[in-house]
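Working notes for the structure below.
The values are calculated or read from the model by the stated rules, or taken from the named source; none is laboratory data. Only a predicted model underlies this, so the values are computations on that prediction, with no experimental measurement involved. Neighbour counts are summed over all protein chains in view; Cβ atoms, including those assigned to glycine, are modelled from backbone coordinates with ideal geometry.
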Amino acid sequence: MKQNIKIKIAGDEYQLAVEPDLEEGIRAAADRINENVDYLLDHYGNVSPKQVLGIVLLREEVKLIELQRKNAGEAGEMDRELEALNAELDEYLLSR
């Protein structure tokens with residue numbers, strides 16, 4: 001059953017209906033966004049909150065894409081290793 005929570009991002013409050021097992025992750029994400037927003041506003045005070053949120057979003061998407069590529073590469077490597085192992089096993093079994 002979903003529960004209502006309130007989170008604040010860049011000074012704006014949002015009410016969300018979420019599954020209880022997702023609440024912690026959502027709150028952690030909001031905290032991370034706010035930390036990034038605060039950092040950018042402190043270091044680049046001449047930018048608007050909208051621009052800051054755009055930069056934060058872009059940075060997070062870049063991280064996500066890099067992680068997806070890394071995982072896809074690792075999965076591909078694992079597939080190649082499994083294929084090589086299967087070939088070795090086939091060769092061994094055929095030689096018996």
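Here is how the numbers come out for the structure above:
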| read-out | value |
| --- | --- |
| Of all residues making up region 23-44, the number that are touching a residue at least 12 places away in the same chain (Cβ under 8 Å) and exposed (fewer than 12 other Cβ atoms within 10 Å of the Cβ) | 0 |
| Residues of region 1-28 that turn out to be closer than 19 Å to Leu58 by Cα and at pLDDT below 95, as a count | 2 |
| Residue satisfying condition, being among the hydrophobic types (A, V, I, L, M, F, W, C), surrounded by 10 or more Cβ atoms within 10 Å (Cβ to Cβ) and assigned to a helix (DSSP H, G or I), within set Leu16, Leu93, Leu64 | Leu64 |
| Residue in region 47-57 that is out of contact with any Lys or Arg (no Cβ under 6 Å at 6 or more places or on another chain), outside any helix (DSSP H, G or I) and of a type outside the set (Val, Ile, Thr) present | yes |
| Residue in region 45-56 that is in contact (Cβ under 8 Å) with a residue 24 or more places away in the chain, surrounded by 12 or more Cβ atoms within 10 Å (Cβ to Cβ) and over 21 Å from the mean Cα position of the chain (by Cα) present | yes |
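Here is a yes/no grid of residues against (1) in contact with a helix residue (DSSP H, G or I) (Cβ under 7 Å, 6 or more places away or on another chain); (2) within 29 Å of Ile5 (Cβ to Cβ); (3) part of a helix (DSSP H, G or I):
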| position | (1), (2), (3) |
| --- | --- |
| Ile26 | no, yes, yes |
| Ile33 | yes, yes, yes |
| Asp38 | no, yes, yes |
| Glu60 | no, yes, yes |
| Lys70 | no, no, yes |
| Ala75 | no, no, yes |
